[in-house]
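Engineer: So that we are looking at the same thing, I have put the structure below in structure tokens.
The values are calculated or read from the model by the stated rules, or taken from the named source; none is laboratory data. Source: prediction; values computed, not measured. Positions of Cβ are generated from backbone atoms using ideal geometry, with glycine treated the same way; all protein chains shown enter the neighbour counts. Protein only, heavy atoms only, side chains kept; ligands, DNA and RNA dropped before computing areas. Shrake-Rupley method; radii C 1.70, N 1.55, O 1.52, S 1.80 Å.
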Amino acid sequence: MVPNRTPTRGRPLSSAPRSPVRRFGQWAIILAAVAGVYAYAESGQRSPLLGKPAPELNLWVVAGGEQGQPPKRLGLSDLRDRVTVLEFWASWCGACQRTTPMLNELSAEFANDGVSFFAVNVEPSTESAVVAAHESIGAAFPTLHDRSGQVHQAYAVRALPTVVVIGRDGLISYSSSGMPSQSRLRKEISAAID
């Protein structure tokens, strides 16, 4: 019996196996692409505010505050001499929902190191909607509400989630758009503490 040598999708069938060099080249391209994506994710998008004083914020703590206490406004001046981690998020953001458990873990890890974590909801929705969203994602740290959008504009937030680390000196030491790497964020928080 003669093998069928009918072209498939415009190419003739070949009985010769692919050369090892060609297979290696294909794998090298795939690995280089994966490494490039990883390097981009690790670097985060470079914020124009890195190394600059963090813009002031003055927002209401709408969820996750002290139990039994009336809502209060929070500003960066209230957090002097502390490292502050801000996560800008929205209820519709799937990556934000996946970032919250990681931030909960880091919040617990750095609880005794003078680090404060805050979620900053950027939706122009009602306070009750933000509270419900905060509870549904299981945030273990307070949520502030940037209903007007002024704060996330001041922090040059281009994508959600965006995580910002502010050092004890009030300067922005790290900013990452998209889901951050937990190991990279841990490293950046540790560096801000020292």
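Engineer: At q = 0.14, 0.18 Å⁻¹, what base-10 log of I(q)/I(0) does the Debye formula yield for region 71-194 when every alpha carbon is treated as an equal point scatterer in vacuo?
Structural biologist: The calculated log intensity ratios at q = 0.14, 0.18 Å⁻¹ are -0.54, -0.93.
Engineer: What figure, in Å² to the nearest 10, do you get for the accessible area of Arg168 with a 1.4 Å probe and non-protein molecules left out?
Structural biologist: Number for this one is 90 Å².
Engineer: Give, as a single signed number, the net charge of other residues whose beta carbon lies under 14 Å from the beta carbon of Arg73, with Lys and Arg counted +1 and Asp and Glu -1.
Structural biologist: Taking every Cβ under 14 Å from that of Arg73, the sum is -3.
Engineer: How much net charge surrounds Ala95 when only other residues with a Cβ under 14 Å from its Cβ are counted (Lys, Arg +1; Asp, Glu -1)?
Structural biologist: On the way: positive: Arg98, Arg158; negative: Glu87.
In short, +1.
Engineer: Any idea of Arg186's accessible area? Nearest 10 Å², probe 1.4 Å.
Structural biologist: In the full protein context, Arg186 sits at about 70 Å².
Engineer: Order 117-125, 89-97 from most to least packed using the mean count of other Cβ atoms within 10 Å.
Structural biologist: Values: 117-125: 21.4, 89-97: 17.7.
Output ranking for 117-125, 89-97: 117-125, 89-97.
Engineer: Something else: Around Ser128, what is the net charge, scoring Lys/Arg as +1 and Asp/Glu as -1 over all other residues with Cβ under 15 Å from its Cβ? List each step's numbers first, then the result.
Structural biologist: On the way: positive: Arg147; negative: Glu123, Glu127, Glu135.
Charge balance in the 15 Å sphere: -2.
Engineer: Something else now. Looking at region 49-130, which GluC sites (Glu not before Pro) are in a loop (DSSP not H, G, I, E or B) and have at most 16 other Cβ atoms within 10 Å? Can you show the working numbers first?
Structural biologist: On the way: sites: Glu56, Glu66, Glu87, Glu105, Glu109, Glu127; in loops: Glu56, Glu66.
Hits after loop and neighbour filter: Glu56, Glu66.
Engineer: Given 4 °C and 1.567 mPa s, compute D for region 56-114 with the Stokes-Einstein relation, Rh being the Kirkwood radius over Cα pairs; round to the nearest whole µm²/s.
Structural biologist: Once the numbers are plugged in, D ends up at 97 µm²/s.
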